[in-house]
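Undergrad: For reference, the structure I am asking about is given below.
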Amino acid sequence: MNEIVEQVKEYYGKVLDGTKDLKTKACCCSSTGLPKEVRETLSLIDDEIVTHYYGCGSPIPPLLEGMTVLDLGCGTGRDVYVASKLVGEKGHVIGVDMTQEQLDIALRHEEEQYKRFGYRASNVEFKKGYIEDLKSLGIADNSIDVVISNCVINLSPYKQQIFNEIWRVLKPGGELYFSDVFTDRRIPDELYADPVLHGECISGAMYFEDFRRMLNKAGFMDFVYMSIRNFDLGNEAIEEKVGFAHFSERTVRVFKLTDLEDACEDYGQAAVYRGTISGHPHAFDFDMNNHFVTGKPMLVSGNLASMLSETRYAPAFTVYGDRSVHFGPFGVTPVADNAGDNGCCC
């Protein structure tokens, strides 16, 4: 597996010299659909940082003011510097990457970026190392408010270790918010070892059911999708190798909460969005399936109620009810008592 790690270092440190060198559409995205505050901040990021950016989504959640944010696989620091602006001068952002060539670009723009933001000093730091071993970099237990990552976890042969480490470093109620490439089946080992397929974020893409299992094993019992974008590879030679599988870019929201269940259960709870999140005065999409209109009560599962009331999102929501009475699986219509005359009595 160490050979895979070295191949990734070589690919992103020496083979690629910018997004123009990518061979597929996996590790790329446009600014279309990005939150306004992210778009505005991107205009302040140096061109060299942006042109050497290899992400597939926008893993920058709201409500970052004053937070400590950790970017796994930060590369040239694009998302680190976006987060730097959004956490404010009193917040802190840590970027971790194993590729020196990428970090060199991030570091030489550090002073320029904090001055562009109007800060008196830098609120970011970059660490060279492996995202599977954050402890060796001095990142302590329960020390991080938000972990972000952009199309990087797929590159690692040690994904379970990454999720274990994320659980360790997140504070209770902390959030993992990341974008990555997923697939609808496991990729055969012989294709997994292909350096181009791996470097292009294809052969290491996570089968979404294995992803769920890895999260559960680390301690994360539930998660939500923010977006799912299916895409074509856009490379005939690569499609001949892996055209049997379907790939998608997914942005995922996960919380470190110990009271979540492995399925959504109904306890008769409801939540009301107060309209207080910046840029979302009239409504807020918590995920793909939960659209909150300001002031309108909405039925929520026990898990979602916890996500809204036990995290930094709590001031933006009023949650009603508790888990004292259980009504079965959430979203499932109960069978009527008089559904039929035939049957047996117990």
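Undergrad: Looking only at the range 50-68, decide whether some residue is at pLDDT 50 or above, more than 18 Å from the chain's Cα centre (by Cα) and loosely packed, with under 12 Cβ neighbours inside 10 Å.
TA: no
Undergrad: Determine which member of the set 77, 73 is small (Gly, Ala, Ser), at positive phi and open to solvent by 10 Å² or more (accessible area, probe 1.4 Å). First the steps, then the outcome.
TA: Working: 77 fails: open to solvent by 10 Å² or more (accessible area, probe 1.4 Å).
Result: 73 is the single residue among 77, 73 that is small (Gly, Ala, Ser), at positive phi and open to solvent by 10 Å² or more (accessible area, probe 1.4 Å).
Undergrad: Okay, next question. Inspect the range 182-200 for any residue being β-branched (Val, Ile, Thr), farther than 25 Å from residue 259 by Cβ and in contact with a Phe, Trp or Tyr (Cβ under 6 Å, 6 or more places away or on another chain) and give the result as yes or no. Explain how you work it out, then say what you get.
TA: As a first pass, look at the range 182-200 and keep what is β-branched (Val, Ile, Thr): 183, 187, 196.
Next, from what is left, pick out any that are farther than 25 Å from residue 259 by Cβ: 183, 187, 196.
Applying the additional criterion that residues be in contact with a Phe, Trp or Tyr (Cβ under 6 Å, 6 or more places away or on another chain) yields 183.
Within the range 182-200 (the criterion being β-branched (Val, Ile, Thr), farther than 25 Å from residue 259 by Cβ and in contact with a Phe, Trp or Tyr (Cβ under 6 Å, 6 or more places away or on another chain)), the answer is yes, since at least one residue qualifies.
Undergrad: Okay, next question. If you scan the range 176-194, which residues turn out to be surrounded by fewer than 19 Cβ atoms within 10 Å (Cβ to Cβ) and either outside any helix (DSSP H, G or I) or at pLDDT 95 or above (or both)?
TA: Step one: filter the range 176-194 for residues surrounded by fewer than 19 Cβ atoms within 10 Å (Cβ to Cβ), giving 184-186, 188-194.
184, 185, 186, 188, 193, 194 - these are the residues of the range 176-194 that are surrounded by fewer than 19 Cβ atoms within 10 Å (Cβ to Cβ) and either outside any helix (DSSP H, G or I) or at pLDDT 95 or above (or both).
Undergrad: Restricting to the range 80-110, what's the tally of residues that are in contact (Cβ under 8 Å) with a residue 60 or more places away in the chain and hydrophobic (A, V, I, L, M, F, W, C)? I'd like the intermediate steps shown before the answer.
TA: Residues of the range 80-110 in contact (Cβ under 8 Å) with a residue 60 or more places away in the chain: 83, 98-102, 109.
Within this subset, residues satisfying the condition of being hydrophobic (A, V, I, L, M, F, W, C) are 83, 98.
Total satisfying the criteria: 2.
Undergrad: Restricting attention to the range 83-119, and to residues there that are over 23 Å from the mean Cα position of the chain (by Cα) and among the hydroxyl-bearing types (Ser, Thr, Tyr), which single residue is farthest from residue 147 (Cα to Cα)?
TA: For the range 83-119, the residue satisfying everything is 119.
Undergrad: Restricting to the range 30-49, what's the tally of residues that are part of a loop (DSSP other than H, G, I, E, B) and either surrounded by fewer than 16 Cβ atoms within 10 Å (Cβ to Cβ) or touching a helix residue (DSSP H, G or I) at 6+ places or on another chain (Cβ under 6 Å) (or both)? Give the derivation first.
TA: Restricting attention to the range 30-49, the residues satisfying the condition of being part of a loop (DSSP other than H, G, I, E, B) are 30-35, 43-46.
Adding the requirement that they be either surrounded by fewer than 16 Cβ atoms within 10 Å (Cβ to Cβ) or touching a helix residue (DSSP H, G or I) at 6+ places or on another chain (Cβ under 6 Å) (or both) leaves 30-33, 43-45.
Total satisfying the criteria: 7.
Undergrad: Any idea which residue in the range 131-175 is nearest to residue 63 (Cα to Cα), counting only those that are open to solvent by 50 Å² or more (accessible area, probe 1.4 Å), without any contact (Cβ under 8 Å) to a residue 60 or more places away in the chain and part of a loop (DSSP other than H, G, I, E, B)?
TA: Step one: of the range 131-175, the residues open to solvent by 50 Å² or more (accessible area, probe 1.4 Å) are 133, 135-136, 138, 140-142, 158, 161, 164, 167, 171-172.
After this cut, where a residue has to be without any contact (Cβ under 8 Å) to a residue 60 or more places away in the chain as well, the list is 133, 135-136, 138, 140-142, 161, 164.
Imposing the further condition that a residue be part of a loop (DSSP other than H, G, I, E, B) reduces the set to 133, 138, 140-142.
Numbers: 133: 27, 138: 26, 140: 23, 141: 22, 142: 19 Å.
Step by step, filter the range 131-175, then rank; the result is 142.
Undergrad: Here are 235, 216, 230: which of them is closer than 30 Å to residue 195 by Cα and touching a His at 6+ places or on another chain (Cβ under 9 Å)?
TA: 230
Undergrad: What are the residues in the range 35-60 that are of a type in the set (A, V, I, L, M) and more than 22 Å from residue 252 (Cβ to Cβ), if any? It would help to see each step written out before you state the result.
TA: Residues of the range 35-60 that are of a type in the set (A, V, I, L, M), as a first pass: 38, 42, 44-45, 49-50, 60.
Passing the criteria: 44, 45, 49, 50.
Undergrad: Here's something else I'd like to know. Could you list, in sequence order, the residues of the range 62-79 that are part of a loop (DSSP other than H, G, I, E, B), more than 21 Å from residue 141 (Cα to Cα) and either polar (S, T, N, Q) or in contact (Cβ under 8 Å) with a residue 60 or more places away in the chain (or both)?
TA: 62, 63, 75, 76
Undergrad: A follow-up question, please. Among the candidates 318, 294, 276, 258, which residue alone is at pLDDT 95 or above and under 30 Å from residue 205 (Cβ atoms)?
TA: Values: 318 fails: under 30 Å from residue 205 (Cβ atoms); 294 fails: under 30 Å from residue 205 (Cβ atoms); 276 fails: under 30 Å from residue 205 (Cβ atoms).
Criteria check complete, one pass: 258.
Undergrad: Okay, next question. Output yes when any residue across the range 174-185 is in contact with a helix residue (DSSP H, G or I) (Cβ under 6 Å, 6 or more places away or on another chain) and among the aliphatic types (A, V, I, L, M), and no when none is. Spell out the reasoning first.
TA: First, pick out the residues of the range 174-185 that are in contact with a helix residue (DSSP H, G or I) (Cβ under 6 Å, 6 or more places away or on another chain): 176, 180-182.
After this cut, where a residue has to be among the aliphatic types (A, V, I, L, M) as well, the list is 176, 181.
Within the range 174-185, one or more residues are in contact with a helix residue (DSSP H, G or I) (Cβ under 6 Å, 6 or more places away or on another chain) and among the aliphatic types (A, V, I, L, M).
Undergrad: Can you name the helices (runs of 4 or more DSSP H) wholly within the range 200-310 that have at least 1 residues being among the acidic types (Asp, Glu) and open to solvent by 30 Å² or more (accessible area, probe 1.4 Å)?
TA: In the range 200-310, the matching helices (runs of 4 or more DSSP H) lie at 208-218, 236-242.
Undergrad: Next question. Restricting to the range 80-108, count the residues that are touching a Phe, Trp or Tyr at 6+ places or on another chain (Cβ under 6 Å), open to solvent by less than 10 Å² (accessible area, probe 1.4 Å) and part of a helix (DSSP H, G or I).
TA: 2
Undergrad: Give the number of residues within the range 118-127 that are open to solvent by 20 Å² or more (accessible area, probe 1.4 Å) and in contact with a helix residue (DSSP H, G or I) (Cβ under 6 Å, 6 or more places away or on another chain).
TA: Applying the first criterion (open to solvent by 20 Å² or more (accessible area, probe 1.4 Å)) to the range 118-127 yields 118-122, 125-127.
Pick out the ones that are also in contact with a helix residue (DSSP H, G or I) (Cβ under 6 Å, 6 or more places away or on another chain) and you get 122, 126-127.
Counting residues in the range 118-127 that are open to solvent by 20 Å² or more (accessible area, probe 1.4 Å) and in contact with a helix residue (DSSP H, G or I) (Cβ under 6 Å, 6 or more places away or on another chain) gives 3.
The values are calculated or read from the model by the stated rules, or taken from the named source; none is laboratory data. All values reported here derive from a predicted model rather than from experimental measurement. Neighbour counts run over all protein chains shown; Cβ positions are idealised from the backbone, glycine included. Each accessible area value is taken on the protein alone, full model and side chains, heavy atoms only, with ligands, DNA and RNA left out. Shrake-Rupley method; radii C 1.70, N 1.55, O 1.52, S 1.80 Å.
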